[in-house]
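*Asks:* Structure incoming, see below.
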Amino acid sequence: PHNIKKRLAIEMIFYGAIATLTSLALLPLALIVFDILSNGISVINWDFFTKLPVPVGESGGGISNAIIGSLILVSTASALCIPLGIGTGLFLSEFQETRFASTVRTAADILQGIPSIVIGILAYIWIVVPLGGFSALSGGMALGLMMLPAIIRTTEESLLRVPRSLIEASLALGAPYYKTVLSIALPLAMRGIGSGILLGLSRSLGETAPLLFTAFGNSFMAYNLFKPVNAMPLIIFNYAMSPYDDWQAQAWGTSLVLIVLVLGLNIITRSVISNEKIDHSD
């Protein structure tokens, strides 16, 4: 009995230490969210989402052009990189033992670790300069490069978790390889692939450095892919450094909108991953 009490006491102390350290790790996030919420909630209203920015000295205004610009950039990035990422992940899962697949996998891992500002500089050299100016297309391509590694790796891992017996059964019944992949492998792995896409979106949505070198920003509403567009991270970057209280308040409000979107995407991603684990365990 004495040893049991001693062991239980040590376990309680250990549990308390872990809980304390976990709370300390969550404290910075809680402080960030509280600070953004307390400073940004005052400017959140209908006009904030529906109106364009106003010149210095005028009250009101909104970030509708930045919201539309962010949607254009993320949509462009998704259209460019999601098919490429899924196709690459499919190749890696089917030919995982080849030397070329190993090289591609290593390149994807390296790309994931490249700082965003480096990607922005490269996008400026490779895309902006040849096109002759800043544009939403160059910004979307830069964000697509940042999304690509997450989609590739999650697609590969999700496809590898599909039971091989189902693939072999389909092929044994005479189904062509492409139909087996499209009708069996990809649908079964789609939940994991979706989580990778959401992870890529949540990362790219808040990036500022690549957009400074590509999309550049625009005070007006812009829908043209070959023209500069505004985005929420650019609003935050430019307004937060300004000496004007109205613009700083707009930056806080935009930060609140952006962090809600990113947190929402992360929560959805965690939910998708958890449901996928439950399904596989069943």
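The values are calculated or read from the model by the stated rules, or taken from the named source; none is laboratory data. These numbers were taken from a predicted model, which means no experiment stands behind them. Reconstructed Cβ throughout: ideal geometry from the backbone, glycine too, with neighbour counts over all protein chains shown. SASA here: full protein model, heavy atoms, side chains in, ligands and nucleic acids out. Shrake-Rupley method; radii C 1.70, N 1.55, O 1.52, S 1.80 Å.
*Asks:* Find the residue count for the stretch 34-48, including only residues that are surrounded by fewer than 16 Cβ atoms within 10 Å (Cβ to Cβ), under 13 Å from Q250 (Cα atoms) and within 23 Å of the chain's Cα centre (by Cα).
*Replies:* 1
*Asks:* For the stretch 86-99: of the residues being touching a helix residue (DSSP H, G or I) at 6+ places or on another chain (Cβ under 9 Å) and open to solvent by 60 Å² or more (accessible area, probe 1.4 Å), which is modelled with the lowest pLDDT?
*Replies:* The extreme case among them is Q96.
*Asks:* Right, next: Of the residues in the stretch 230-245, how many are modelled with pLDDT of 90 or more and not in a loop (DSSP other than H, G, I, E, B)?
*Replies:* Residues that pass the stated criteria total 9.
Let's see how each residue does on (1) surrounded by 14 or more Cβ atoms within 10 Å (Cβ to Cβ); (2) touching a residue at least 24 places away in the same chain (Cβ under 8 Å); (3) among the aliphatic types (A, V, I, L, M):
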position: Q112; (1), (2), (3): yes, yes, no
position: P130; (1), (2), (3): no, no, no
position: L145; (1), (2), (3): yes, yes, yes
position: T154; (1), (2), (3): yes, yes, no
position: L166; (1), (2), (3): no, no, yes
position: P176; (1), (2), (3): no, no, no
position: I197; (1), (2), (3): yes, yes, yes
position: S202; (1), (2), (3): yes, yes, no
position: F213; (1), (2), (3): yes, yes, no
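*Asks:* May I ask you to list pairs of residues, at least six apart or on different chains, whose Cβ atoms are under 9 Å apart, with the first in the stretch 59-73 being on the phi > 0 side of the Ramachandran plot and the second being among the β-branched types (V, I, T)?
*Replies:* Matching pairs, first to second residue: G60/V54; G61/V54.
*Asks:* Exactly one of (1) free of Cβ contacts under 8 Å to residues at least 24 places away in the same chain; (2) within 23 Å of M232 (Cβ to Cβ); (3) of a type in the set (F, W, Y) is unmet by F134. Its number?
*Replies:* (1)
*Asks:* Residue pairs, Cβ under 9 Å, 6 or more apart or interchain, first in the stretch 10-25 and assigned to a helix (DSSP H, G or I), second of a type outside the set (G, A, S). List them.
*Replies:* Pairs that qualify, where the first residue is assigned to a helix (DSSP H, G or I) and the partner is of a type outside the set (G, A, S): there are none.
*Asks:* Kindly list the number of the only condition in (1) modelled with pLDDT of 90 or more; (2) open to solvent by less than 70 Å² (accessible area, probe 1.4 Å) that fails for K227.
*Replies:* (2)
*Asks:* Residue by residue through the stretch 80-110, note down the ones that are touching a residue at least 12 places away in the same chain (Cβ under 8 Å) and in a loop (DSSP other than H, G, I, E, B).
*Replies:* The answer is Q96, and nothing else.
*Asks:* Can you find a residue in the stretch 248-267 that is modelled with pLDDT under 90, under 26 Å from Y124 (Cα atoms) and open to solvent by 70 Å² or more (accessible area, probe 1.4 Å)?
*Replies:* Checked the stretch 248-267: no residue is modelled with pLDDT under 90, under 26 Å from Y124 (Cα atoms) and open to solvent by 70 Å² or more (accessible area, probe 1.4 Å).
*Asks:* Does at least one position in the stretch 20-27 carry a residue that is modelled with pLDDT under 90 and open to solvent by less than 90 Å² (accessible area, probe 1.4 Å)?
*Replies:* no
*Asks:* When the stretch 59-73 is examined, which residues are found to be over 15 Å from A222 (Cβ atoms) and either in a helix (DSSP H, G or I) or open to solvent by 20 Å² or more (accessible area, probe 1.4 Å) (or both)?
*Replies:* S59, G60 - these are the residues of the stretch 59-73 that are over 15 Å from A222 (Cβ atoms) and either in a helix (DSSP H, G or I) or open to solvent by 20 Å² or more (accessible area, probe 1.4 Å) (or both).
*Asks:* Which is aromatic (F, W, Y) and in a helix (DSSP H, G or I), of Y178, Y223?
*Replies:* Y178
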